[in-house]
Amino acid sequence: QTGPVIDMPVPASFNDITQDPSLENYIGWVWYEKEVLLPLRWLQDDLNTRVVLRFGSAHYYSIVWVNGVQVVEHEGGHLPFEADISSIVQGSPGIPCRITVALNNTLTPHTLPPGSIQYMTDKTRYPKNYFVQNIRFDFFNYAGIHRPVVLYTTPSVYIDDITVTTTSSETVAIVHYQVSVVGSTFYSLSLSLRDQEGKVVATGDGPAGELKVLNPNLWWPYLMHENPGYRYSLEVKMQAQANGALLEDVYTLPVGIRTVHVTSTQFLINGKPFYFHGVNKHEDADIRGKGLDWPLVVKDFNLLRWLGANSFRTSHYPYAEEIMDLCDAYGIVVIDECPGVGVKMPESFGNKSLQHHLIVMEELIRRDKNRPSVVMWSVANEPASQLPPAAYYFKTVIAHTKALDPSRPVTFVTDVNYALDRGAPYVDVICVNSYFSWYHDPGHLEVIPLQLTAQFENWYKTYQKPIIQSEYGADSVPGLHSDPPLMFSEEYQKAMLREYHSVFDKKRKEYVIGELIWNFADFMTNQGTTRVLGNKKGIFTRQRQPKSAAFVLRERYWKIANESSCLPPIIKSHTLFL
């Protein structure tokens, strides 16, 4: 017995697909079901073939059945999970394989992001059993199967994981590798590293070792080199004997050779100072919500490169692997953030929350550890880090993250006063959000120079760590004009940016290493008296059309890139119009 059954596209959020207002804000269980016919060859060599069902992500709590048998449970959105379904499907060739998914988007104090369910008990004002989902973050809580669902096969003995780190000098690079094989202890591994022309530049064998690359092409960020995003291909080939057959599994991993180092005033990529001039984004668009959409993804990268942006933060959750692939390929630098947003309640700092947070960091690092574009992990955004338990909480999460990946710096993004923040001692880079003349002293652009300068100087004096302005901005309604500038006009957004930029220009000569505008594009939020069809702080509309501020930022970013670039002028001027 089911409720109403409707067609639902995957990948997509379910919220905006129908005309049903109750589905728009639905909280609770939804069920997805699909039948597929598997290729016979997957089912016939049942001893030596492993059939896997993989979800790119689903929001938030998922239980999956195949032909009525539960195969996997997963807590949390934004990250992949999978199940070996061989034993269920291989006994019945020719019969459709029925995949059933139950999803629950309820957020509790112990989920990531956290939330709470509030029951409205006043019967004079609310119907019986009426409740609302409270959240403490400013984007719409879209739900559904947001990323591709795939079925794939491997041999019964297979390459389960590869970890690559790189070190380099001018003339030689070392690619350190570790390969884990599951299914047997008797196997051989051979590795070959090819350049972009397909030429083998290094070979190796065994589960761990080093590949030496002479005169390497380093992975450089966009606008820092005339050939950004250079990647080699590491082909890992495993052979094993099992059940009287020779099994072979081959995996090709793109590898970017690059180093990251943080000093007290600089962020170095391949030993050269890197300045983040970029954006914060959201996975958010009309109709599809947070569902992966290739045309939108490619449009966004074209806009990023037009803008002269060299970086973005995955605010406030890990983005689709397809997006990360393009960052690697285009040389767009990424601060990779977990879904630790809205961590405001004291009960979200207890052991239950902490254990889940550690698991989420494990899943994120396992997914993204080999990406050259990822230069720093962010473990949270705007948590209540002034609370006493925040010290132990962030000390533990950051230590765990560094133990999993010693090769990258770790941060979290704060909006707490420098003197009160209990998590800041444990980060490598200070990331600060501030909205002077917007949420504070609204309308008073004249306070920005004083307040922003004090913010930077207080943080640096306290911690002697480099600082990124990880958010700043103003809402603007496209087409709303006012001179002198008034809040919500395009002119006010431009004027605020220019006030911030004049302070950045002074401080980037010292210890400020980056600026990330909030936000790349307008995005949907919960309804509220300060939100007119969502958050309007985008420099592009939700439909990806530029507001006046986009041109201000474009002029600035290209100017910064040209100042610090080693590119010849012809490339600079040509790149401007790509």
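The values are calculated or read from the model by the stated rules, or taken from the named source; none is laboratory data. Remember, it's a predicted structure, so these values are computed and weren't measured experimentally. Please note: Cβ atoms are built from the backbone with ideal geometry, for glycine as well, and neighbour counts cover all protein chains shown. Note: areas computed on protein heavy atoms with side chains; ligands, DNA, RNA excluded. Shrake-Rupley method; radii C 1.70, N 1.55, O 1.52, S 1.80 Å.
Table for the structure above
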quantity	calculated
Unique match (being assigned to a helix (DSSP H, G or I) and either over 30 Å from G244 (Cα atoms) or of a type in the set (G, A, S) (or both)) among S87, S92	S87
Of all residues making up region 382-391, the number that are free of Cβ contacts under 8 Å to residues at least 40 places away in the same chain and in a helix (DSSP H, G or I)	1
Residue within region 476-485 that is closer than 20 Å to K509 by Cα, at pLDDT 95 or above and in the same structural domain as R422 (by the TED database) present	no
Close pairs from region 477-497: first under 14 Å from G538 (Cβ atoms) and open to solvent by 40 Å² or more (accessible area, probe 1.4 Å), partner assigned to a helix (DSSP H, G or I) and polar (S, T, N, Q), Cβ under 6 Å, at least 6 apart	K494/S548
Number of positions in region 405-427 that are under 29 Å from H176 (Cβ atoms), crowded, with 18+ Cβ neighbours inside 10 Å and not basic (K, R)	7
Filter pass, I27 being hydrophobic (A, V, I, L, M, F, W, C), within 30 Å of N351 (Cβ to Cβ), open to solvent by 30 Å² or more (accessible area, probe 1.4 Å) and part of a loop (DSSP other than H, G, I, E, B)	yes
Residue selected from region 185-198 under the condition modelled with pLDDT of 95 or more and among the hydroxyl-bearing types (S, T, Y), by the criterion most open to solvent (accessible area, probe 1.4 Å)	Y187
Condition broken by T163, with the remaining ones in (1) outside the structural domain of I63 (by the TED database); (2) open to solvent by 40 Å² or more (accessible area, probe 1.4 Å); (3) farther than 30 Å from L304 by Cα satisfied	(3)
Residue check, W219 among the aromatic types (F, W, Y), touching a Gly at 6+ places or on another chain (Cβ under 7 Å) and more than 30 Å from E457 (Cβ to Cβ)	yes
Strands (runs of 3 or more DSSP E) contained in region 200-261 and holding at least 2 residues polar (S, T, N, Q) and touching a residue at least 40 places away in the same chain (Cβ under 8 Å)	232-242
Selection count, region 449-502, where residues are within 30 Å of W377 (Cβ to Cβ), touching a Ser or Thr at 6+ places or on another chain (Cβ under 8 Å) and part of a helix (DSSP H, G or I)	4
Residue list for region 262-271, filter: over 14 Å from T167 (Cα atoms) and either assigned to a strand (DSSP E or B) or at pLDDT below 95 (or both)	V262, F267
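Residue by residue, here is whether (1) closer than 30 Å to V397 by Cβ; (2) buried (at least 21 other Cβ atoms within 10 Å of the Cβ); (3) at pLDDT 95 or above holds:
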site: P109; (1), (2), (3): yes, no, yes
site: P113; (1), (2), (3): yes, yes, yes
site: Y119; (1), (2), (3): no, no, yes
site: R125; (1), (2), (3): no, no, yes
site: P148; (1), (2), (3): yes, no, yes
site: V157; (1), (2), (3): no, yes, yes
